[in-house]
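Below is one structure, written out as structure tokens; the observations come after it.
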Amino acid sequence: MTFFKNIICGMIIGIANIIPGVSGGTFAVILNVYDQLIGAISGFRKNWKKSLALLIPVALGAGIGILLFANLIGICLEKFPMVTNFFFIGLIVGSCPLIVRKAMEHKFQAPGIIPFFITLLIMILIALFAPSSDTSAVTRALTVPGFFMLMLYSAIAAAGMIIPGISGSMLMMIFGCYMTVLTAIKEMNILLLIPVAIGVLIGILGGAKLINLVLKKFPQMTYFAILGLVIGSLAVLFKNAGMVFSLQTVFAVLFLILGMVIALIFGSERFQNIFRKDNEPSLEKTDESKRLA
């Protein structure tokens, strides 16, 4: 039962990771598997058998979710950019209370909120000065410089992907390679996917070590920094939405509300308890994952 539940969790996380502005890490926290995933990745060499027992079904589910929904997400972004981006905005706004709760699990200290303003400012500056994402900009041929750039961008996006609140796909949009990767997945362009896969592996392994370190040493500051990134990402999505007042605006607002409701339900204690009952850790956790549980 736990195996299939972890596949479902992986599918949700995988789908979230291909949605610009939506954090797969946040959904891992919501589904109560985040601490276990970090423990499995960080402690893989010490406990590789039990780590694989968790990572295999989650990775399998993530792969299924990405393959099944990559085409749909691409079509929605191309045909209905405002409605689609407003739905993403709703998901992000609805996930903010969960991140605030995580930050306030520790006694509030005034300096802890400083990273919030720093990361918020960074995201606003990115929204103001970064070029708008062009959904038609797709590269299908691989060059040597392109190989290393795709690997670098994928590593950074993957490292961000496992941090709650940071969207790996949004980082790819900022780097200008989102539609290239999405199209490569849809068309099964293996040559382009090789550097992406290498970068993702490097980013996940390095990111897991980093998140263990910062959450252990600066838990409240880290979550407030994440909150700044999350709220700041709304500016990027508003820019990508191409806001115009028309009949589509009505649907955009309705989907924004729908996204908020879905995220709030996922972040509720009742929903998390559904997964918590049968999803007890199947591996020995690291000291950090024990603290996060």
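Of note:
- Failed item in (1) under 20 Å from Ile73 (Cα atoms); (2) open to solvent by 80 Å² or more (accessible area, probe 1.4 Å); (3) at pLDDT below 90; (4) among the hydrophobic types (A, V, I, L, M, F, W, C), with Leu210 passing the rest: (1)
- Within the stretch 114-137, the set of residues being at pLDDT 85 or above and open to solvent by 60 Å² or more (accessible area, probe 1.4 Å) comprises Ile114, Phe117, Ile118, Leu121.
- Qualifying residue in the stretch 137-151 (condition: within 20 Å of Leu237 (Cβ to Cβ) and part of a helix (DSSP H, G or I)): no
- Qualifying residues in the stretch 1-38 (those that are more than 18 Å from the chain's Cα centre (by Cα) and of a type outside the set (A, V, I, L, M, F, W, C)) - the one nearest to Ile174 (Cα to Cα): Lys5
- When the helices (runs of 4 or more DSSP H) confined to the stretch 1-50 are screened for residues that are over 30 Å from Ala241 (Cβ atoms), open to solvent by 20 Å² or more (accessible area, probe 1.4 Å) and touching a Cys at 6+ places or on another chain (Cβ under 7 Å), none reaches at least 3 such residues.
- Flag if Ile156 is within 26 Å of Gly232 (Cβ to Cβ), open to solvent by 60 Å² or more (accessible area, probe 1.4 Å), part of a helix (DSSP H, G or I) and of a type in the set (A, V, I, L, M, F, W, C): yes
- Elements of type helices (runs of 4 or more DSSP H) contained in the stretch 219-289, each with 2 or more residues being surrounded by 16 or more Cβ atoms within 10 Å (Cβ to Cβ) and at pLDDT 80 or above: 219-241, 247-267
- Which numbered condition Phe116 misses (of (1) outside any helix (DSSP H, G or I); (2) within 19 Å of the chain's Cα centre (by Cα); (3) not basic (Lys, Arg)): (1)
- Residue in the stretch 76-87 that is open to solvent by 50 Å² or more (accessible area, probe 1.4 Å), out of contact with any Pro (no Cβ under 6 Å at 6 or more places or on another chain) and part of a helix (DSSP H, G or I) present: yes
- Failed item in (1) touching a Ser or Thr at 6+ places or on another chain (Cβ under 9 Å); (2) crowded, with 23+ Cβ neighbours inside 10 Å; (3) more than 26 Å from Pro81 (Cβ to Cβ); (4) without any contact (Cβ under 8 Å) to a residue 60 or more places away in the chain, with Ala197 passing the rest: (2)
The values are calculated or read from the model by the stated rules, or taken from the named source; none is laboratory data. Given the structure is predicted, the values throughout are model-derived calculations rather than measurements. Methodologically, a virtual Cβ is constructed for each residue, glycine included, from the backbone with ideal geometry; neighbour enumeration extends over all protein chains shown. Remember, those area values only see protein heavy atoms, side chains included, never the ligands or the DNA or RNA. Shrake-Rupley method; radii C 1.70, N 1.55, O 1.52, S 1.80 Å.
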